[in-house]
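Trainee: Before anything else, here's the structure in question.
Read-outs: derived from the displayed coordinates by stated rules, not from any lab. Worth saying up front: this structure is predicted, and the values here are computed from it rather than measured. FYI the Cβ positions are ideal-geometry reconstructions off the backbone, even for glycines, and counts take in every protein chain you see.
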Amino acid sequence: MCDHNLVEEELQRYTATDFAAIEESDSLFLEYAGPKTSIRTKYLNKDVKTPVAVALKALRDREEEDHTQELSNELRIWRLLSPDPNIAYFLGAGELDEWPFDKLSLVSRYYECGNSNVFLEKNDIPDLQRVHLLKDVLKGIVHIHGKSIVHGDLKGANILIENNGERAKISDFGSSLIECKCQGLAEVDSGTFPWDAPERFVGGKVTPKSDIWAFGCVSLEASDFNGYTPYISISYVGVLNRMVKGDPPATPNEVNLDGMVRATVWSLMQDCWAFEPLKRPAATDLLEKMEKIPTSVLGENV
C-alpha cells in the first residue's frame, strides 16, 4: 500500500516551481488523450519575450486514492532519475481546477519535436543520426538501471526528441519499479504489448533484461526498417505463439538491411532478443559495443 504521509511529503517537496503560473495561464492545449492518460501543454509567459512550454500528465477514470497512488509512484521514480541529460526533464507536481488535472498531475518540460516515432515519420534523417539517438536511449537505460530501476515500458512513443534530433530522452515512468521494492511502490500496469519481453507471458520476473529486449524493439522502430514495429501484422495470439517459441520480433527477411549501419545495428538487436533473459547483454555492454562501431561505418559526426 502507498504511504500517504510520505506521498504528501513528496508532493510538498516536488511541487512545480511555476505551478502558480500554470494555473494563471489560459493557454491549455490538448496534446494526447488516451484510455488511461491525458497529456496537455501549457505555455507559461515568464516574461513577454520568453514563453515556456510544459507538459502536464494526469490519469483518467481513476478513483482518487488509486490516482494519487499510481502517479506518486511515477513521481518518486522520476525524481530519483532526475536530472539526467537522457531523461525527460521533470519539474514537479500539482493540481489544477480542470478535470482530469484537478487531482495530482505531473509536470515536465514539453518537447515540441514529439516522440521518436512522430519525429522520424516527419523527418527523413540519415541512419547515422538514428544511431546517435539510439546511443542516447542506451545512456538513459544505463542511468535507469544504475539506480536499480526497471523502466518497464520502453518503446518509441516513450522516447522524446529534443532540438530537432539533437538528443533523445526517455519518458513515462508509469510502469517503472525499483527492483528491491524497498520504496514501497504500488503495483502498476506494466508494459505495452508487443514490446514486452517474453518472460512477462510465461510467469517470469520483470528485470532490467526485460528493458534490454524492449530496447531491441526501439532500435527496430528507430533504424528506418520500413517503419517496422515488433511482430508487425501478426495477431495477438500469433505474437504470443511466436514469443513462447523463442521467435524474435523480426527476421532478416522482413526488414531492410541495406547499408553497413543497419546491418550493424541489426546484429545488436539479435543480442537483445535472446529468449533467456540472462543471455541478453547489460545496457552498459550494449553501449560499449555501439560506441566501438568503426567510424568507417558510422562516419565522423556520430
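Trainee: Under 5 Å between amide hydrogens, which residues at least 5 positions from L177 or on another chain qualify, with H placed 1.01 Å from N in the peptide plane?
Mentor: Excluding prolines and chain starts, which carry no amide H, the hits are V150.
Trainee: Pairs K57/K279; K103/K139; K155/K205; K169/K209; K122/K289; K147/K279: which are spaced more than 31 Å apart, C-alpha to C-alpha?
Mentor: K57/K279; K103/K139
Trainee: Give me S175, S210 sorted ascending by neighbouring Cβ count inside 10 Å, so fewest comes first.
Mentor: In order of increasing Cβ crowding within 10 Å: S175, S210.
Trainee: Something else: Could you line up D271, D153, D124 from fewest to most neighbouring Cβ atoms inside 10 Å?
Mentor: Ascending Cβ contact count within 10 Å gives the list D124, D271, D153.
Trainee: Under the Karplus relation 6.51 cos²θ - 1.76 cosθ + 1.60, θ = phi - 60°, what is the ordered set of whole-Hz ³J(HN,Hα) values for the stretch 78-94, x standing for Gly and Pro?
Mentor: 4, 5, 4, 8, 9, x, 7, x, 10, 10, 3, 6, 8, 9, x, 8, x
Trainee: If you plug each phi of the stretch 126-140 into the Karplus form 6.51 cos²θ - 1.76 cosθ + 1.60 with θ = phi - 60°, what whole-Hz ³J(HN,Hα) values come out, in order, with x for Gly and Pro?
Mentor: Computed from phi, the couplings for the stretch 126-140 are x, 4, 4, 5, 5, 5, 4, 5, 5, 4, 4, 4, 4, 4, x Hz.
Trainee: I want to check the label-to-label distance for S267 and F201. Put each point 7 Å from Cα in the C-beta direction and report it in nm to one decimal.
Mentor: Distance between the two pseudo-spin positions: 3.0 nm.
Trainee: Give me C217, C113 sorted ascending by neighbouring Cβ count inside 10 Å, so fewest comes first.
Mentor: Starting with the residue having the fewest Cβ neighbours, the order is C113, C217.
Trainee: Rounded to the nearest 20 debye, what is the charge dipole size of the stretch 116-296 about its Cα centre when +1 sits on each Lys and Arg Cβ and -1 on each Asp and Glu Cβ?
Mentor: 360 debye
Trainee: Express in nm, to one decimal, how much length is gained between L257 and E95 on full extension, taking 0.36 nm for each residue of separation and deducting their alpha carbon distance.
Mentor: 53.5 nm
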